[in-house]
Structures are given as structure tokens and as C-alpha cells.
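Participant: Questions regarding the structure given below will be posed in turn.
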Amino acid sequence: MRKFLHGLKYAVLLFIAFLHVIPFYVLINMALKLPTETTSKWRFPVHVSWDNFANAWREADLSRAIFNNVFITASAVALVVIVGALASYPLARHQSRLNTIIYTVSVACLIVPALTILVPLYKFIVDLGGINTYWAAILTQVTFALPMTIFLYTGFINTVPRELDEAGLIDGSSRLGIFFRIILPLLKPITATVIIIMGVQIWNDYQFSIFFLQKVQVQTIPVALSQFISQFSNQLNWVAAGCLIGMMPMTVVYLFLQKYFIKGMADGAIKG
């Protein structure tokens, strides 16, 4: 019976892994096929073509799009980490009625679909003159990333012993000093988790970028690649090649931070 359960566990794991590999196989398959090849997407290309990568890079101006993605994502993630950590510390340490209401409202925002407020948000950004500007895109991403960030940081800080704060107070440190000298260095695992989760979300954003970043000079990778699909033509092979190019930076970030990712998720999300 134990062997059967052991084998069943591995069979389920292999099936889940197989489901995750399928989209990547189809993506790589399409990126390597000639646009004129009409064979099934499941069949490996007869003639491997690398021109799709060059065409996608040139026609979508991916060098500029990658710069825009890096600038917007790095700026937004930096703000999310700083504001989220600073907001979570008092919410975790001083659980007064007011802080409980603030935390509840913040977490409740997680269930609000972002697209439901797109129209008033778009009008607000237009009134502020923020269309086709970096600051509007960055602040929009920060706004929608903060609820999850506060949820993760608050849960993680709750696991940090309060005796550390008391020791800091006895040594004469202020609350702000305790946060930056004692608490913040202990937040590396959850910070890595926030960087990965929010970084991927902001890097891949299309729903806001397509409306707020309309000029070619400020477009991000998803918006730049969308020009290959229109009512009268499509270049799916170029889109697939562009997607593979676009996912490389975040893959590198994940490889550097993966050792903190699991610990941060376990300590922050589950205990939170």
C-alpha cells in the first residue's frame, strides 16, 4: 500500500510538471518555425528558423521596450518594498482596533478586480496628465501591488520575536531605528518573495500598460508585441520569439533569489 501511494504521488507530480511544460513547448515550437510552415503546433519544426528572434527584436524595438520594462518594474518594486515594509511594521507590532481595520481594508482590496475601476482610473490619470508617462505607470503598479505586499510582510513580521524590539528599546534605539537596524535585515526571505511575485506581475502587465503607455517611446514588451496581432494579419511566430526574449530578465532574477523564495512564502504567507 505504501509503495502504491508513493508511486501515485510521483505520478501526480509528473502530471502537474507535464501540464506546466506544455505551454513552453508550444511557445518554443512556434518561435523556431518559419512563418510559412503550417504544420501542427505540436509538431517540431521541419526547418529551424532563428530569424523570428531578429525580426521580433527589430520590428517591436525590443531594446527600448526592455529598457522601459526594467525602469518601470525596478522603480515600482523598490517603492513597493519600502512602503510595504514600513506600513507592515506598525500593523504587525501594534494590533490596535484602528490598525486592525486598516489591515483588513488593505487585505480586502485583494479581492477587487483591477479592471472594474479601469474607467475612472483612466479618467483620473488623463486629468493629471499622466498618459504616456513613467510616473503614472509606476504609481498605478505600486497601488495595486501594495495590498499583497502588506499581507506578506505583516505575516512575516509577526513571526519575528518581540524580544528583539524590547532589547532595542532598552539600548535606547527609536522605533524607526529598531526597524532599520534589527527588523529590516531579518526580512530578506520575504523581500525576495515580494520582489519575485510583484516583479513578475508588473513585468508582464498588459491591462494597464495598453491604456496608459500608448506612445512607442514608452511602451513595454507586452504592448510592443501586441502590434504583431491585428484584425488583418498576425505574426504569431514573432510574438512567440519576443515572449522568449522578454522572459529572460525575470528568469535570471528568479535564479538569483530562489533560495529565499520558498522560505519567504512559507513564513510570510502561511503564518500570515
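The values are calculated or read from the model by the stated rules, or taken from the named source; none is laboratory data. Owing to the predicted nature of the structure, the values given are computational and were not obtained by experimental measurement. Cβ coordinates were reconstructed from backbone atoms using ideal geometry, including for glycine residues, and neighbour counts include every protein chain displayed. The area values use the complete protein model at the heavy-atom level, side chains included, leaving out ligands, DNA and RNA. Shrake-Rupley method; radii C 1.70, N 1.55, O 1.52, S 1.80 Å.
Participant: Identify the single condition in (1) at pLDDT 90 or above; (2) β-branched (V, I, T); (3) in contact with a Phe, Trp or Tyr (Cβ under 8 Å, 6 or more places away or on another chain) that I196 does not satisfy, given that it satisfies every other one.
Facilitator: (1)
Participant: Between residues in the range 1-26 that are in a helix (DSSP H, G or I) and residues that are at pLDDT below 90, which pairs lie under 7 Å by C-beta distance while being six or more apart or on different chains?
Facilitator: Every condition considered, the pairs that remain are V26/K41.
Participant: From the list F24, F18, pick out the single residue that is within 26 Å of Q219 (Cα to Cα) and open to solvent by 100 Å² or more (accessible area, probe 1.4 Å). Spell out how you get there, then give the answer.
Facilitator: Values: F18 fails: within 26 Å of Q219 (Cα to Cα).
Going through F24, F18 in turn, just one is within 26 Å of Q219 (Cα to Cα) and open to solvent by 100 Å² or more (accessible area, probe 1.4 Å): F24.
Participant: Still on this structure, I have one more. If we keep just the residues of the range 74-88 that are under 18 Å from P185 (Cβ atoms), touching a residue at least 12 places away in the same chain (Cβ under 8 Å) and open to solvent by 20 Å² or more (accessible area, probe 1.4 Å), which is nearest to the chain's Cα centre (by Cα)?
Facilitator: Filtering the range 74-88 for residues under 18 Å from P185 (Cβ atoms) gives 78, 81-82, 84-86, 88.
Filter once more, so that each one left must be touching a residue at least 12 places away in the same chain (Cβ under 8 Å): 81, 84-86, 88.
This time we only want the ones that are open to solvent by 20 Å² or more (accessible area, probe 1.4 Å), so: 81, 86.
Numbers: V81: 13, L86: 20 Å.
The extreme case among them is V81.
Participant: Further, regarding this structure: In the range 133-243, which helices (runs of 4 or more DSSP H) lie fully inside it and hold 1 or more residues that are farther than 17 Å from I82 by Cβ, open to solvent by less than 70 Å² (accessible area, probe 1.4 Å) and in contact with a helix residue (DSSP H, G or I) (Cβ under 6 Å, 6 or more places away or on another chain)?
Facilitator: On the way: elements: 134-157, 163-170, 175-178, 188-203, 209-212, 221-226.
Answer list for the range 133-243: 134-157, 163-170, 188-203, 209-212, 221-226.
Participant: Would you confirm whether or not the range 205-215 contains a residue that is within 17 Å of E59 (Cα to Cα) and at pLDDT 85 or above?
Facilitator: Residues of the range 205-215 within 17 Å of E59 (Cα to Cα): 214-215.
Adding the requirement that they be at pLDDT 85 or above leaves 214-215.
So far as the range 205-215 goes, yes, one or more of its residues are within 17 Å of E59 (Cα to Cα) and at pLDDT 85 or above.
Participant: Just give me the residues in the range 29-39 being at pLDDT below 80 and open to solvent by less than 60 Å² (accessible area, probe 1.4 Å), in sequence order. Spell out how you get there, then give the answer.
Facilitator: If we filter the range 29-39 for residues that are at pLDDT below 80, which is where we start, we get 35-39.
The answer is E37, T39.
Participant: Determine which member of the set L176, L128, L187 is over 30 Å from P113 (Cβ atoms) and more than 17 Å from the chain's Cα centre (by Cα).
Facilitator: Numbers: L128 fails: over 30 Å from P113 (Cβ atoms); L187 fails: over 30 Å from P113 (Cβ atoms).
None of the other options fit; the residue is L176.
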